[in-house]
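Reviewing the structure listed below.
The values are calculated or read from the model by the stated rules, or taken from the named source; none is laboratory data. The model shown is predicted, which means the values in this text are computed figures rather than measured ones. Here Cβ is always computed from backbone atoms with ideal geometry, including for glycine, and neighbour counts include all displayed protein chains. The protein model used for the area step is the full one, side chains on, heavy atoms only, and it has no ligands, DNA or RNA in it. Shrake-Rupley method; radii C 1.70, N 1.55, O 1.52, S 1.80 Å.
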Amino acid sequence: MSVSGRIRAIDRFGSGIGEVTGAIGDSITVLPLVVALGLLTSASLPHLLVGFAVFQAVWGIAYGVPLSVEPMKALAGLAVAGSISHGELVAAGLLAGGALLVAGWRGWLSAISSLVGEPVVRGVQFAVACLLVDAAVPAVAASPAVAAGGVVLALAVAVVSRRAVALVLLAAGGLWAAASGGVPAPALPALAVFPAGGPTVSAGAAEGVLAQLAMTVGNAAIATSLLLSDLYDADVSPDRLAESMGVMNLAAVPLGALPMCHGSGGLAGKHAFGARTGTANLFAGVFYLALALVAGLLVAFPMALLGVLLVIVAASLARVAFESTDRPLLVASVGGLAVLTNVGVAFAAGIAWWQLRG
């Protein structure tokens, strides 16, 4: 069976306003994390944005559905929080890409999922949410008046659409940056290998990979495969999605991209905004490429507003973690242990409990 499963060729690319509006469906969580990485780490923001632009288009063409392309949130969250360095993020992205490629090729996804247990995965999500809040506190404390203004704006927008809150805050921060430093001349980033620094293999990188794979297997592969069937009548196996993610990271991370994955949340977001075919991904690719051209604008992005955005992303992750489980105590325990120790220790403890629970 082809990667596009049961989707007929005539249905792979459509037209209509829904494809345009649907293009922003998974940018709601992509952009806050990408901007945070560009401002708080040594990662190159233009290269990060180009990575999303290219692979939105690639998977839209390959699958013919608006498949999401999202940050690997555990790794991105750990990097934003300072728990791993940029070099460790790069190494973790390459390791995760290799592991996913092999796991998909060998058909190991179901076995891995049963070993970890969904409540442990949700615990990792909650742990990342806690780390993002911790990273947001200094930014908010540095300029509480700006942060308060961001909260007021977020609450006002939420009355109309909760989904639009992050995008409106990003737009407000972008306007602030333009007023402060002007709009730079459009420019694409130079093609280079490891433009912000090479990989650093360490215990922290390995812990990050394990934490990320726990989330990726459950959400980006298995849950996304089910949702593709439910929403688009597309027969795409979890193992096929794992292979796609493996190829994507092994190709993109060396060129400065963020470790990326698919995701059921982004797919649902695109569908909710009207996306029905791969055309939405082509529009999304153009959107990210346009942002990459003026990425220098975001250098003056207000850090306090960035802190508010990180709290919003953390709240979204925490909400999903607890709404999707019938074992909230285990989720809270894994998350709390991660804050007290680190994500790797909490992840290992969660797996051990899950295997011994019976």
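Below are the figures for this structure:
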{"quantity": "In Hz, Karplus ³J(HN,Hα) per residue of segment 196-204 (6.51, -1.76, 1.60; θ = phi - 60°; x = Gly, Pro)", "calculated": "10, x, x, x, 10, 7, 7, 4, x"}
{"quantity": "Amide hydrogen neighbours beyond the local backbone of Cys261, cut-off 5 Å, H modeled", "calculated": "Glu70, Met72"}
{"quantity": "Shape metrics for segment 120-177, restricted to C-alpha atoms - Rg then Dmax, Å", "calculated": "13.6, 40"}
{"quantity": "Net lengthening on full extension, Ser110/Ala185 (0.36 nm per residue, minus Cα-Cα)", "calculated": "22.1 nm"}
{"quantity": "Burial ranking of peptide ranges 281-287, 335-341 (average Cβ count within 10 Å, highest at the top)", "calculated": "281-287, 335-341"}
{"quantity": "Whole-number D in µm²/s for the chain (Stokes-Einstein; Kirkwood sum over Cα pairs; 37 °C, 0.692 mPa s)", "calculated": "163 µm²/s"}
{"quantity": "Gain in span if fully extended, Ala206 to Asp235, counting 0.36 nm per residue against the direct Cα distance", "calculated": "7.2 nm"}
{"quantity": "Gyration tensor (alpha-carbon) shape descriptor, segment 47-123, a/c threshold 1.5", "calculated": "oblate"}
{"quantity": "Percent accessible area from carbon and sulfur atoms, segment 1-128, protein chains only, probe 1.4 Å", "calculated": "66 percent"}
{"quantity": "Gyration tensor (alpha-carbon) shape descriptor, segment 106-233, a/c threshold 1.5", "calculated": "prolate"}
{"quantity": "Heavy-atom accessible surface of segment 240-326: percent carbon and sulfur, 1.4 Å", "calculated": "71 percent"}
{"quantity": "Segment 1-132: C-alpha gyration tensor shape, a/c 1.5 cut-off, then a/b vs b/c", "calculated": "oblate"}
{"quantity": "Distance histogram in 5 Å bins (all Cα pairs of segment 265-332, percent per bin)", "calculated": "4, 12, 12, 15, 17, 19, 11, 7, 3, 0"}
{"quantity": "Per residue value of the accessible surface for segment 259-308 (all protein chains in place, 1.4 Å probe), Å²", "calculated": "29 Å²"}
{"quantity": "Unit charges on C-beta of K, R, D, E only; dipole of the chain, Debye", "calculated": "200 debye"}
{"quantity": "For segment 126-219: accessible area per residue (Å², 1.4 Å)", "calculated": "50 Å²"}
{"quantity": "Portion, in percent, of the accessible area of segment 167-207 that falls on carbon or sulfur, probe 1.4 Å", "calculated": "71 percent"}
